[in-house]
Amino acid sequence: MNRIGQFIHTIVIQFRHRLADIDALPQLTLLGIVVGCASGGLIILFRYAIELPLGHLLPGNSENFEGLSKTWQFGLPVIGALIIGTGLHFLKERDRSVSVGHVLERLHNFQGRMPLTNLIVQFAGGVISLITGQSVGREGPAIHIGAGTASVIGQWLKLPNNSLSTLIACGVAAGIAASFNTPVAGVIFAMEVVLMNYTIVGFIPVMMASVCGSLIARSTFGSEAFFTIDNAELHGLLEIPFMVIAGLVIAFFATLYMRLQLSFNRFSHYPIFLRVTAAGLVTGMIGVLCPEILGLGYDTINLGIEGKLSLGILFAIALAKIIATSFSISMGIPGGLIGPQLLIGACLGGIIGIIGNTLFPENINNSGIYVLLGMAAMMGAVLNAPLAALMAVLELTYNPSIIFPSMLIIVIACVVTRQLYHCDGIFVEMLNLSGTQLDVGPVKQVLGNIGVRSAMKTAFVVSPTQITQTQASNFLSKNPLWIVIKTDDENILLRAADLAITLESLKENQQGENAEEGNIDLLEIPAQRLSLTSAPELSTLFEAKKILDKQPGTALFVTPQIQTTPEPKILGIITQDTISNYYM
């Protein structure tokens, strides 16, 4: 039995070591399957926890908040806010951070180490928010749940930090795929918005995880399209100028939404209970006047596609949703903002389609297509994720005819939002406002994908300060690159080549039978010496570089994550030259 356990332990250790390499594709793909299944399973539980209660609570279907009485349309969001606010009040501030912004911060600034507490808060808070009709979406919780699940698995397995980023991208993709049955959009969102990096080694595991999440969702909820439209083709080139105008309009409202949400953040210093309660009251009051803003609102989008909503109603829903969602998210309601953006964009697109049909009936005779185009443009502009928005609308409709017009309007909306209104996407803007800067530069993208175990040099010997020439010869016979000098206060690094030069010089100058018995003081011989500081074996080369940049004239010795002896064990050596060689 001990042999079996020892064999398994050896396999796990080798698996971890292999993951430190930049090209650990088979290992990452296997982990992608595990993460995809685990994340997909949790998202199914999350959806059931929302849809089953709403199926009993709401008349007709699980989205029909419009069928509630005015009392419940006001009271339900308020009750939900009171429950959420009370729960968050008793948590530490660091445990309240949820949704996509939390994922981005932990991924890029904390080596992908996401706390389990925040994951539980997101799951429970998201369920309560959506059951009680808060003006938020379920994709934010889905992204956090997927990413958090991946991170917890990676930490439990003690995987190197360079693999955690890929695992989190796998969890994000699986979460989106399981939540909306959009596997391709899940992959693109994970790479474009979360990971902010495209590599083959990253793509394949993320794709596998997304497939697993989508398969679990399809086996549970089916594979029907969320939104359907019979004809999504343009009817002539004269429609293109009108679509350009539509893109400009969407860009304006996308910027309005982002600016409004950022302005509401000035209330973030108030106690969490007051903020969340205020969000529930605002949502309840708006919900009485415009109940379509309560919950996800996908039923309203389908009514817009079918042309069953008037221009006035569409404008009222869009404006009410902008106010309710921006205020709710800013005040701390644990939900997502992508779903609300789809509804806002759908309403704005419906308005544009109706106006176009009225002014140019011979060229624009289908306002439903503009509902879908508005969804794509709004999502792309607010998130600064044009490709993810394009793929999301394509997979939500199963209609390839939407691709060309969607590409046109998304490009216009994104370019205008970035260049004219200077908005870099809501998640980045929110983090910048809070004083959090994401470390996503090119150096991080290169070195963050490599673990120190993969790059460290293991050709070294450990030596005391004083050695004989015979001992020096024995050391050099092992062909080391480095000599690690053990002193009472610290470890010193010496190039083996410098010791070889000294030893050769001594042999030439000495004579007699006992010449090789003379002592050598490794701290006194002519050589360049570096102080050594430690780095855990799970670190990336980027983390190693940050340590060395702060301590010039030092090198790193890699230590095991779990120490079994009082004296730190040295696994390998990392120097600035090691890092420079990988980066170059």
- prompt: What is the residue count in the stretch 63-104 for residues that are in a helix (DSSP H, G or I) and over 32 Å from the mean Cα position of the chain (by Cα)?
  reply: 8
field: Selection count, the stretch 178-203, where residues are β-branched (Val, Ile, Thr), over 19 Å from residue 104 (Cα atoms) and at pLDDT 90 or above
entry: 1
- line: Of the residues in the stretch 1-37, those that are buried (at least 21 other Cβ atoms within 10 Å of the Cβ) and among the aliphatic types (A, V, I, L, M) number 6
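Of the residues that sit in the stretch 303-347 and are among the β-branched types (Val, Ile, Thr), under 26 Å from residue 46 (Cα atoms) and in contact with a Ser or Thr (Cβ under 7 Å, 6 or more places away or on another chain), which one is surrounded by the fewest Cβ atoms within 10 Å (Cβ to Cβ)? Before you say what the answer is, go through the steps one by one.
Quick first cut of the stretch 303-347, residues among the β-branched types (Val, Ile, Thr) only: 305, 313, 317, 322-323, 325, 329, 333, 338, 344.
In the following step, the residues that additionally are under 26 Å from residue 46 (Cα atoms) were identified as 322, 325, 329, 333, 338, 344.
Filter once more, so that each one left must be in contact with a Ser or Thr (Cβ under 7 Å, 6 or more places away or on another chain): 325, 333.
Numbers: 325: 29, 333: 32.
Checking each candidate, the answer is 325.
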query: How many of the residues in the stretch 156-171 are on the phi < 0 side of the Ramachandran plot, open to solvent by 10 Å² or more (accessible area, probe 1.4 Å) and in a loop (DSSP other than H, G, I, E, B)?
result: 1
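Residue-by-condition table, conditions (1) without any contact (Cβ under 8 Å) to a residue 60 or more places away in the chain; (2) under 28 Å from the mean Cα position of the chain (by Cα); (3) closer than 18 Å to residue 135 by Cα:
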| position | (1), (2), (3) |
| --- | --- |
| 253 | no, yes, yes |
| 260 | no, yes, yes |
| 264 | no, yes, yes |
| 267 | no, yes, no |
| 283 | no, no, yes |
| 286 | no, no, yes |
| 292 | no, no, yes |
| 296 | no, yes, yes |
| 314 | yes, no, yes |
- line: Among residues of the stretch 316-334 being under 26 Å from the mean Cα position of the chain (by Cα) and of a type in the set (Gly, Ala, Ser), the residue nearest to residue 264 (Cα to Cα) is 330
message: Looking at the stretch 450-481 only, could you name the residues that are crowded, with 20+ Cβ neighbours inside 10 Å, touching a Ser or Thr at 6+ places or on another chain (Cβ under 7 Å) and not in a helix (DSSP H, G or I)?
response: 450, 451
message: If residue 389 meets every condition in (1) surrounded by fewer than 22 Cβ atoms within 10 Å (Cβ to Cβ); (2) touching a helix residue (DSSP H, G or I) at 6+ places or on another chain (Cβ under 6 Å); (3) small (Gly, Ala, Ser) apart from one, which number is that one?
response: (1)
query: Yes or no: residue 544 modelled with pLDDT of 85 or more, closer than 29 Å to residue 154 by Cα and assigned to a helix (DSSP H, G or I)?
result: yes
message: Of everything in the stretch 392-434, what is under 18 Å from residue 242 (Cβ atoms), aliphatic (A, V, I, L, M) and in contact with a helix residue (DSSP H, G or I) (Cβ under 7 Å, 6 or more places away or on another chain)? Give them in sequence order.
response: 402, 407, 408, 409, 410, 411, 412, 413, 416
message: Please verify whether residue 147 is outside any loop (DSSP other than H, G, I, E, B) and closer than 23 Å to residue 539 by Cβ, treating the condition exactly as stated.
response: yes
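Matching residues to (1) modelled with pLDDT of 90 or more; (2) open to solvent by 60 Å² or more (accessible area, probe 1.4 Å); (3) within 17 Å of residue 328 (Cα to Cα); (4) in contact with a strand residue (DSSP E or B) (Cβ under 9 Å, 6 or more places away or on another chain):
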{"position": "64", "(1), (2), (3), (4)": "no, no, no, no"}
{"position": "72", "(1), (2), (3), (4)": "yes, yes, no, no"}
{"position": "81", "(1), (2), (3), (4)": "yes, no, yes, no"}
{"position": "88", "(1), (2), (3), (4)": "yes, no, yes, no"}
{"position": "91", "(1), (2), (3), (4)": "yes, no, no, no"}
{"position": "101", "(1), (2), (3), (4)": "no, no, yes, no"}
{"position": "114", "(1), (2), (3), (4)": "yes, no, no, no"}
- request: Determine if the stretch 510-528 includes at least one residue that is within 21 Å of residue 560 (Cβ to Cβ) and either of a type in the set (Ser, Thr, Tyr) or open to solvent by 40 Å² or more (accessible area, probe 1.4 Å) (or both).
  value: no
Hits in the stretch 454-474 (condition: touching an Asp or Glu at 6+ places or on another chain (Cβ under 7 Å) and not hydroxyl-bearing (Ser, Thr, Tyr)): 466, 469
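The values are calculated or read from the model by the stated rules, or taken from the named source; none is laboratory data. A quick note: this is a predicted structure, and the numbers were derived from the prediction, not measured. Don't worry about glycine lacking a Cβ; one is built from the backbone with ideal geometry, like all the others, and counts go over all protein chains shown. Areas reflect the complete protein model, heavy atoms only, side chains present, ligands, DNA and RNA absent. Shrake-Rupley method; radii C 1.70, N 1.55, O 1.52, S 1.80 Å.
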